[in-house]
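Data first, discussion second: the structure below is written as structure tokens.
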Amino acid sequence: MLECREITKNYGRKTAVDHVSLKIEPGRIYAMLGPNGSGKTTLMKMAVGLVKPNSGAFYYKGQPIGIESRKEIAYMSTEPYFYAWMTAKDIGKYYEDFFEDFSMKRYRDLLARMELTEDLKAKSLSSGMMAKLKIAVTMAREAKIYLLDEPLNGIDLLARDQIINSVLEAVSPDVALVISSHLVDELEKIVDTAIFMKNSHLVEVCGAEEVRIQQGKSIVDKYREIYGHGGEELC
Amino acid sequence: MLKLMKYELRKTMFSKLVLLCITGVAEIAYLVGVFLKADKGDQILAFGAIGIIMCMTIGIFYIGIDSLISFHRDLNTKQSYMLFLTPKNSYQVLGAKILENGISIFLAGVFFAALIAVDATIGILYIGGVKEFLDILDQLMISIRVDIHVTPREILMPFFAVLAGWLMTVVSGDLAIVLSATVFAGKKFSGIVSFLIFLLLDYIASKVLNILPDLGDMMAQYIMIIGVSFVMVIVMYVATGWIMERKLSV
Amino acid sequence: MEFHSALPIYLQVMSFIKRDIVNGTLKPGEKLPSVRDTAIQYAINPNTVSRVYRELEMEGVSYTKRGMGTFVTEDENKISQMRAEMAKDLVSGFLEGMGQLGITAKEAIELIRQSSG
């Protein structure tokens with residue numbers, strides 16, 4: 001459904017993403033794992049066209065990404081990005097203005113569940129509240145692909161459950177979710193597939209249950225293996 | 001496109017409201033000055049008249065600058081995601097910005113021209129005669145070199161030519177901002193290089209306007225200047241959009 | 001819900017559901033929650049839940065009515081058989097653990113008698 005072929009991005013002399021090829025299939029939840037600076041964020045930003053690759057490209061349903069793909073791909077960046085003058089209500093209105101798949105009803109519902117109110121000002125939010133607001137407005141879209149960059153960063157336990165729920169509610173056979181994190185255990189149970197990034201390379205893609213069944217290992221074990229010992233074997 | 005323009009307007013709303021408020025104060029001062037008549041109201045009338053003229057020049061100048069500041073922020077801060085995540089391409093994003101700004105500059109021009117016309121009429125009627133009115137202004141050291149036989153159209157055409165020229169300058173600024181965020185991104189002195197490119201573009205643009213043939217007729221001449229300015233706005237807009245679409249990473 | 005992260009999650013959820021059937025929390029013939037609701041309830045992947053439902057059906061623990069959902073078996077024999085199997089598994093695990101401590105089955109029975117009064 002969404003794929004990239006040999007995609008590379010350099011920032012000056014530094015390579016952020018190095019010849020990565022990846023396929024995202026519908027009906028699945030992916031964990032994109034790796035330490036900070038391993039290229040997860042840059043890869044996601046290229047998938048929505050915020051960052052232009054130096055070589056290679058992203059394709060959505062066989063076509064290069066562009067206006068059409070942005071209608072169906074919901075991206076949530078890890079940094080706050082709303083205009084400072086906006087309230088939670090303005091943000092909902094903005095999404096309603098630009099995204100046909102946005103549901104104001106679901107947005108209000110999610111805000112209530114995250115214990116946020118519509119009159120909250122974007123610039124006065126704590127980082128935890130901002131994280132919740134970002135996820136609410138993103139998950140209120142009925143997108144085909146959700147790309148969530150570090151959605152669980154700076155979130156308290158209760159809100160974490162709400163976020164996991166809103167992610168699970170979005171799953172359907174024609175929808176794919178990619179969730180990036182440098183903390184593995186919180187995604188362990190909810191993902192089908194783990195994508196491991198290391199030093200701007202894609203090192204491994206493996207099914208979570210397969211790893212448990214065939215290797216008797218958890219994704220956390222796998223993570224330690226890859227980053228702790230630097231192993232790069234394929235599974 | 002209209003929705004993008006709505007948010008462009010929202011972003012620059014604050015400075016426009018401030019401009020409106022200051023103009024309001026100057027206008028009140030002017031009217032109070034007019035109603036108090038010459039001997040008592042001189043100073044306050046002068047203050048109002050100068051205020052309005054300054055609001056017009058600085059205001060219209062700032063509306064363009066404000067658009068450049070907001071564009072710079074839209075490319076170089078995280079708020080860029082707001083624009084570039086929407087299912088709109090770079091031409092639409094930039095087009096909305098230039099269109100909003102062009103309309104704002106034009107409407108501000110019309111607004112101030114109308115305001116000055118009304119104020120002058122009030123002044124003439126209340127003080128009693130064009131000559132007396134101009135005498136007062138003259139005493140107040142505002143040199144207005146307006147020949148009263150000139151038709152309004154002949155004053156307005158150069159005025160709108162200046163506005164079109166200003167929009168052209170703003171759009172060359174947009175192009176320079178995009179160059180610094182793309183071709184020169186991450187390089188040393190990218191800001192200075194872009195500013196030099198901006199000066200160069202603006203120089204070329206004014207040169208182009210200078211080498212236009214003399215049509216002999218004032219009206220036709222200004223229409224040509226305005227037309228050529230718009231053509232250059234469009235050329236720079238397309239070039240800027242083209243670079244954004246291919247190169248811009250936010 | 002606590003899971004052992006190195007063991008297949010579908011097996012763990014299957015035993016949770018079986019336990020609920022055996023102890024009567026889920027009644028024979030009762031409709032099981034939808035895949036999505038079960039996923040949210042356990043905070044696990046929906047595809048894992050689908051697999052749980054498939055495996056349970058293959059084992060005869062549940063059955064699917066087309067367009068209506070998945071239901072707990074009404075076969076009482078099947079349920080008592082499940083109870084017996086699960087009890088047997090627990091006992092053998094228990095005895096294995098005791099064995100590792102050097103406690104024989106007989107001594108273990110005595111310990112049980114003491115602790116349950």
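Just name one of A:Leu116, C:Ser34, B:Ile177: the one whose Cα is farthest towards the positive end of the charge dipole of the protein assembly as shown (beta-carbon charges, Lys/Arg +1, Asp/Glu -1). Value: B:Ile177. Farthest towards the positive end of the charge dipole of the protein assembly as shown, among the residues A:Val17, A:Leu2, A:Ile179, is the Cα of A:Val17, using unit charges on the Cβ of Lys, Arg, Asp and Glu. Using R0 = 22 Å, the C-beta based FRET efficiency linking B:Met219 and B:Leu9 works out to 0.10. Note on the protein assembly as shown: with charges restricted to the Cβ of Lys and Arg (+1) and Asp and Glu (-1), its dipole about the Cα centre is near 380 debye. Spatially, segment A:1-57 and segment B:89-107 are offset by 33 Å when compared through their Cα centroids. One quarter of the convex hull surface built on the alpha carbon atoms of the protein assembly as shown amounts to 40.3 nm², the projected area averaged over directions.
The lysine pair tally for segment C:20-114, using Cα distances under 27 Å and a gap of 8 or more places or different chains, is 8. For chain A, the square roots of the Cα gyration tensor eigenvalues, ordered a ≥ b ≥ c, give a/c of at least 1.5 with a/b greater than b/c, which places it in the prolate category. For the pair C:Leu11 and C:Ile112, what calculated FRET efficiency results from E = 1/(1 + (r/R0)^6), where r is the Cβ-Cβ distance and R0 = 25 Å, to the nearest 0.05? It comes to 0.35. In terms of surrounding Cβ atoms within a 10 Å radius of their Cβ, B:Leu175, B:Leu115 rank from fewest to most as B:Leu115, B:Leu175. For A:Val203, nonlocal amide neighbours, meaning residues 5 or more places apart or on other chains whose placed amide H falls under 5 Å from its own, are A:Phe196, A:Met197, A:Lys198. Annotation: peptides C:72-81, A:68-77, ranked by per-residue average of other Cβ atoms within 10 Å with the highest first, follow the order A:68-77, C:72-81. Looking at the protein assembly as shown, the DSSP beta bridges with both ends there are about 60 percent antiparallel. Each of B:Leu212, B:Leu4 has some number of other Cβ atoms within 10 Å of its Cβ, and from fewest to most they run B:Leu212, B:Leu4. Here the Karplus curve 6.51 cos²θ - 1.76 cosθ + 1.60, taken at θ = phi - 60°, turns the phi angles of segment C:38-53 into couplings of 5, 4, 5, 4, 8, 6, 10, 5, x, 5, 5, 5, 4, 5, 4, 5 Hz, with x standing for Gly and Pro.
Output the 0 to 90 degree angle, nearest 10, between the alpha-carbon long axis of helix B:190-210 and the longest principal axis computed from the alpha carbons of chain B. The answer is roughly 60 degrees. In nanometres, what is the gap between the two model label sites at A:Asn36 and B:Lys247, each 7 Å from Cα along Cα-to-Cβ? My value for the distance between the label points is 3.1 nm. Couplings for segment A:164-170, taken from phi via the Karplus curve 6.51 cos²θ - 1.76 cosθ + 1.60 with θ = phi - 60°, read 4, 4, 5, 5, 5, 5, 7 Hz in order; Gly and Pro are left as x.
For segment A:1-132, the percent of C-alpha pairs falling in each 5 Å distance bin, counted from 0 to the bin holding the largest distance, reads 2, 9, 16, 18, 17, 15, 14, 8, 2, 0.
Helix A:104-113 and the longest principal axis of the Cα set of chain A meet at an angle near 80°.
Mean separation of Cα pairs under 8 Å and 6 or more residues apart, divided by the residue count, gives chain C a relative contact order of 23 percent. The Cα trace of chain C gives Rg and Dmax of 17.1, 54 Å, the first to one decimal, the second as a whole number. Checking every one of the GluC sites (Glu not before Pro) in segment A:145-235 against DSSP loop status and a limit of 10 other Cβ atoms within 10 Å picks out A:Glu233. Per the Debye formula on identical point scatterers at the alpha carbon atoms of segment B:144-250, with no solvent, log10 I(q)/I(0) at q = 0.14, 0.25 Å⁻¹ is -0.64, -1.29.
Counting only alpha carbon atoms, the long axis of helix A:88-98 and the longest principal axis of chain A meet at about 70°. Annotation: the residues B:Trp166, B:Trp242, sorted from fewest to most other C-beta atoms within 10 Å of their own C-beta, follow the order B:Trp242, B:Trp166.
Couplings for segment B:217-232, taken from phi via the Karplus curve 6.51 cos²θ - 1.76 cosθ + 1.60 with θ = phi - 60°, read 9, 3, 4, 4, 4, 5, 4, 5, 4, 5, x, 5, 4, 5, 4, 5 Hz in order; Gly and Pro are left as x. For A:Lys123, the aspartates and glutamates whose Cα comes closer than 18 Å to its Cα, not counting residues fewer than 8 places off in the same chain, are A:Glu79, A:Asp90, A:Glu115, B:Asp74. Label-to-label distance for B:Ile122 and B:Gln43 is 2.1 nm, based on points extended 7 Å past Cα in the beta-carbon direction.
Charge dipole (Cα centre; +1 on Lys/Arg Cβ, -1 on Asp/Glu Cβ; no other charges) of segment A:86-208 amounts to roughly 320 debye.
Using a Förster radius of 30 Å, what is the FRET efficiency between B:Val235 and B:Phe111 based on their Cβ-Cβ separation? Nearest 0.05, please. Step by step, r from the Cβ atoms, then E = 0.55. Out of A:Asp18, A:Asp221, A:Asp97, any idea which swings most in a Gaussian network model of chain A, alpha carbons joined below 10 Å? It is A:Asp97.
None of the figures in this text is laboratory data; all of them are computed from the coordinates on show. This is a predicted model, so every value here is computed, not measured. Every residue, glycine as well, gets a Cβ built from its backbone with ideal geometry; the counts of neighbours run over all protein chains shown.
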